[in-house]
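Trainee: Structure provided below as structure tokens; questions to follow.
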Amino acid sequence: MLQVTDLHASVVDADEEILKGLSLSIGAGEVHAIMGPNGSGKSTFANVLLGRPDYVVNSGVVTFDDEDILELFPDQRALRGMFLAFQYPAEIPGVRPWQFLKAALDARREYAGEKPLSVRDFSKLFDDKVEAVGIDPDLVKRSLNEGFSGGEKKRNEMLQLEMLEPRLAILDETDSGLDVDALRIVAEGVNSLRSPDRSFLIVTHYQRLLNYIKPDVVHILVDGRIVETGGPELAITVENSGYEQYITAAMAD
Amino acid sequence: MTLANATGEKYAADFKALTESRPVSDWMSELRQSGWDHFDSIGFPTARRGNELWKYTNLAALDQGKFGFQFDEPGAVEPDVLRERAPWSDDWSTLVFINGRYSESLSQVSSGDGVQVRNFSDPANSESLRTNLGTHAAVDENAFSALNTAFLVDGGFVQIPDNREDTSPIHLLFVTTSGGSRAIYPRTLVVSGINSRSTVIESYISLGEEGGFTAPVAEYVLNSGAGIEHYRVLVENEESFHIGTTRVYQLDNSTFTSTSFALGPKIGRNDVHVLLDAPGAECTLNGLYLTTGDQHMDNHISTTHAKPNGTSHQFYKGVLSGNSRAVFSGRVLVEKDAQKTQAFQKDLNLVLSHGAEIDTKPSLEIYADDVQCAHGATAGHTDPEAIFYMQARGIDEVTAQAMLMRGFASEIVDMIGVDGLQDYVHGVVEEVIPRLQAAAD
């Protein structure tokens with residue numbers, strides 16, 4: 001589904017590369033986790049996949065369903081089924097979650113050649129999901145993410161994930177700043193959406209989210225490259241002994 | 001006379017012709033003359049040096065004698081055209097003025113509950129018209145107040161009786177049609193009785209493409225405990241000059257809540273001054289201005305707290321694109337006696353192009369020592385973080401930007417508490433957003 005080959009990327013107008021030849025491959029239905037120390041390029045990678053304009057890709061290839069996506073706008077990538085749950089979701093003043101999701105879902109359905117949902121059908125779906133994700137119904141009457149607590153923002157990301165049903169969901173440190181209850185909600189959301197044709201890429205610093213979402217594959221990212229790939233047990237290893245050995249090895253290269 | 005230029009001569013001739021062809025009662029005739037005398041002595045405020053009040057707005061284009069008073073009868077306007085183009089509801093009491101002249105056939109006023117909603121010349125008007133007209137927007141207020149007074153013919157007079165509770169809207173609709181570079185002088189006087197409630201809408205629209213010059217003056221008087229919900233809608237065409245003067249006089253515990261919407265004319269000015277002249281008065285001045293092309297919109301908003309325990313808010317928002325320019329010059333004056341005053345000022349702007357310019361100058365001038373005041377202003381482009389966030393959900397950049405603009409504007413539009421009016425303004429905003437976007441960087 002997602003194929004990343006020798007990806008090099010940096011911040012716009014900066015010389016130093018953050019991603020220095022990252023390669024990985026995610027098959028349909030797989031859950032991958034990327035773990036790594038601070039500054040290893042985890043968030044950069046997640047954002048580059050969706051085409052955040054703050055980054056520039058210097059070389060490498062990224063295909064989604066065998067289509068080269070690096071020339072596509074972020075919204076075109078999203079319409080093809082990619083989704084990024086943001087580490088720091090932007091505040092959207094004056095736009096209510098309802099309006100926002102209606103616009104997003106309409107765009108997606110139009111791309112798929114489907115008619116937009118009627119307001120009534122959309123409202124029902126929306127209300128059901130709001131309840132399922134455990135969001136305070138008063139919250140979704142406010143401007144999107146404005147004045148939301150960290151946990152509320154993350155729940156709201158999960159609401160969007162559930163509404164939009166992407167084929168590849170990238171979770172950028174969704175666990176950071178969450179208490180155990182919120183963590184469980186995120187995990188339940190992901191687990192309920194797991195299916196043979198939907199994949200996940202979970203970017204995290206800590207192993208704890210992976211107690212709730214069992215990954216098929218774990219990658220260790222250090223200094224812009226994947227230095228180790230393994231099964232779920234790799235996350236436990238990192239939890240017990242830290243990233244030090246990988247950093248030392250990467251430095252020695 | 002002192003006005004030696006083409007404008008001066010033309011206006012002098014117009015004034016002379018007006019006094020002969022459009023006679024009014026003696027007291028109004030005297031008021032006219034005082035207006036003319038004042039305008040004649042000062043002319044348009046076109047000086048570019050030391051002219052602090054007009055620092056950002058150059059009226060040279062207005063001072064070339066192009067516009068003049070038109071003595072023809074106002075052209076016929078189909079009622080359906082008004083319903084389509086102007087804010088309108090059959091549930092409102094509406095006085096319609098076409099090119100400054102009252103149109104009885106287009107107006108519809110529901111009678112009852114003792115409210116007077118009439119043209120100035122109506123013989124049934126109470127003495128209150130005479131005692132209040134020109135008292136709060138005096139002829140020496142500014143050149144436009146003087147000019148408007150000099151050319152007084154028709155106008156909307158609204159008298160709200162004491163203790164009135166009904167707030168079904170009263171609408172004063174001033175329409176400009178094409179033809180003959182018209183100068184029109186809409187005039188409004190609203191006097192609200194003790195503990196009364198009312199909703200008053202002033203709107204200014206043009207039906208043609210030709211530019212005119214509109215210089216409205218509106219006076220609002222709020223007696224003890226009175227509450228007025230006020231709306232001012234400026235949707236004249238892009239060639240228009242619109243220099244509006246609003247003066248509000250508030251007595252104790254009265255509440256004036258105003259929302260202004262301005263779609264930039266060629267040169268526009270919304271000059272508002274509120275005097276809180278008794279304890280416990282409260283005034284809220286909100287506004288939204290949208291400018292593009294070469295439009296210029298100047299919001300000159302000022303509040304004077306003369307007595308204690310008053311509260312005032314000024315909250316304006318602007319969206320600017322193209323090579324347009326807007327001004328927010330907000331002033332709050334807290335006089336020595338006005339202890340326990342609370343005053344807040346805010347002006348927020350979305351500036352979508354490098355060619356656009358906002359001059360925002362909120363200022364507090366405080367002479368009392370026990371007050372709570374705050375002000376702030378911002379100007380910025382649509383947030384790229386927000387755009388990317390929306391794109392990452394499949395919403396394209398243009399749609400995302402439009403949603404942000406709509407969201408920005410909605411904070412003011414949503415304050416409009418009259419359904420039909422909110423829908424109208426909302427519709428205008430929707431129409432304008434693509435034009436603002438087309439002229440954005």
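Trainee: Which residues, counting only those in segment B:416-441, are in contact (Cβ under 8 Å) with a residue 24 or more places away in the chain, within 20 Å of the chain's Cα centre (by Cα) and crowded, with 16+ Cβ neighbours inside 10 Å?
Mentor: Selection gives B:ILE416, B:VAL418, B:GLY420, B:LEU421, B:TYR424, B:VAL425, B:VAL428, B:VAL429, B:VAL432.
Trainee: Quick one: how many residues across segment A:225-237 are outside any strand (DSSP E or B) and in contact with a helix residue (DSSP H, G or I) (Cβ under 8 Å, 6 or more places away or on another chain)?
Mentor: Residues flagged as outside any strand (DSSP E or B) and in contact with a helix residue (DSSP H, G or I) (Cβ under 8 Å, 6 or more places away or on another chain) within segment A:225-237 amount to 2.
Trainee: For segment B:191-201, check the following and say yes or no: at least one residue is part of a loop (DSSP other than H, G, I, E, B), buried (at least 24 other Cβ atoms within 10 Å of the Cβ) and modelled with pLDDT under 95.
Mentor: Checked segment B:191-201: no residue is part of a loop (DSSP other than H, G, I, E, B), buried (at least 24 other Cβ atoms within 10 Å of the Cβ) and modelled with pLDDT under 95.
Trainee: Charged (D, E, K, R) and either in contact with a Leu (Cβ under 9 Å, 6 or more places away or on another chain) or more than 14 Å from chain A (Cβ to nearest Cβ) (or both): which single residue out of B:ARG435, B:ARG406 fits that description?
Mentor: Exactly one residue qualifies, and that residue is B:ARG435.
Trainee: Which of the residues spanning segment B:409-432 are among the aliphatic types (A, V, I, L, M) and within 14 Å of chain A (Cβ to nearest Cβ)? Show your work before the answer.
Mentor: Let us first name the residues in segment B:409-432 that are among the aliphatic types (A, V, I, L, M), namely B:409, B:412-413, B:415-416, B:418, B:421, B:425, B:428-429, B:432.
The answer is B:ALA409, B:ILE412, B:VAL413, B:MET415, B:VAL429.
Trainee: I need every pair where a residue in segment B:95-107 that is over 15 Å from B:HIS171 (Cβ atoms) has its Cβ under 7 Å from the Cβ of a residue that is in a strand (DSSP E or B), sequence separation at least 6 or different chains.
Mentor: What qualifies is B:ASN99/B:THR176; B:ASN99/B:ARG182; B:ASN99/B:ILE184; B:GLY100/B:ILE184.
Trainee: Shifting gears a bit: Just to verify a result, which residue in segment B:391-403, among those that are facing another protein chain (nearest Cβ under 9 Å) and polar (S, T, N, Q), is surrounded by the most Cβ atoms within 10 Å (Cβ to Cβ)?
Mentor: B:GLN391
Trainee: For a quick check of your reading of the model, give me the residue pairs whose first member lies in segment B:52-78 and is in contact (Cβ under 8 Å) with a residue 12 or more places away in the chain and under 19 Å from B:ASP359 (Cβ atoms), whose second is aliphatic (A, V, I, L, M) and surrounded by 14 or more Cβ atoms within 10 Å (Cβ to Cβ), with beta-carbon atoms closer than 6 Å and at least 6 apart or on different chains.
Mentor: Within 6 Å, the pairs are B:TYR56/B:VAL327.
Trainee: Now a separate question. Within the bounds of segment A:57-73, is there any residue that is in contact with a helix residue (DSSP H, G or I) (Cβ under 7 Å, 6 or more places away or on another chain), more than 30 Å from B:GLY407 (Cα to Cα), without any contact (Cβ under 8 Å) to a residue 24 or more places away in the chain and not in a strand (DSSP E or B)?
Mentor: Yes, there is a match, as at least one residue in segment A:57-73 is in contact with a helix residue (DSSP H, G or I) (Cβ under 7 Å, 6 or more places away or on another chain), more than 30 Å from B:GLY407 (Cα to Cα), without any contact (Cβ under 8 Å) to a residue 24 or more places away in the chain and not in a strand (DSSP E or B).
Trainee: Which of the helices (runs of 4 or more DSSP H) contained wholly in segment A:96-166 include at least 3 residues that are within 12 Å of another protein chain (Cβ to nearest Cβ) and touching a helix residue (DSSP H, G or I) at 6+ places or on another chain (Cβ under 7 Å)?
Mentor: Details: elements: A:97-111, A:119-133, A:150-164.
Of the helices (runs of 4 or more DSSP H) lying wholly inside segment A:96-166, those with at least 3 residues that are within 12 Å of another protein chain (Cβ to nearest Cβ) and touching a helix residue (DSSP H, G or I) at 6+ places or on another chain (Cβ under 7 Å) span A:97-111, A:150-164.
Trainee: Which residue is nearest to the other protein chains (Cβ to nearest Cβ), if the candidates are limited to segment B:355-390 and must be among the aliphatic types (A, V, I, L, M) and more than 27 Å from B:SER312 (Cβ to Cβ)?
Mentor: Restricting to residues being among the aliphatic types (A, V, I, L, M) and more than 27 Å from B:SER312 (Cβ to Cβ), the top hit is B:ALA386.
The values are calculated or read from the model by the stated rules, or taken from the named source; none is laboratory data. It should be emphasised that the depicted structure is a prediction, and the values quoted were computed from it without experimental measurement. Ideal geometry is used to build each Cβ from the backbone, glycine not excepted, and the neighbour counts take in all protein chains shown.
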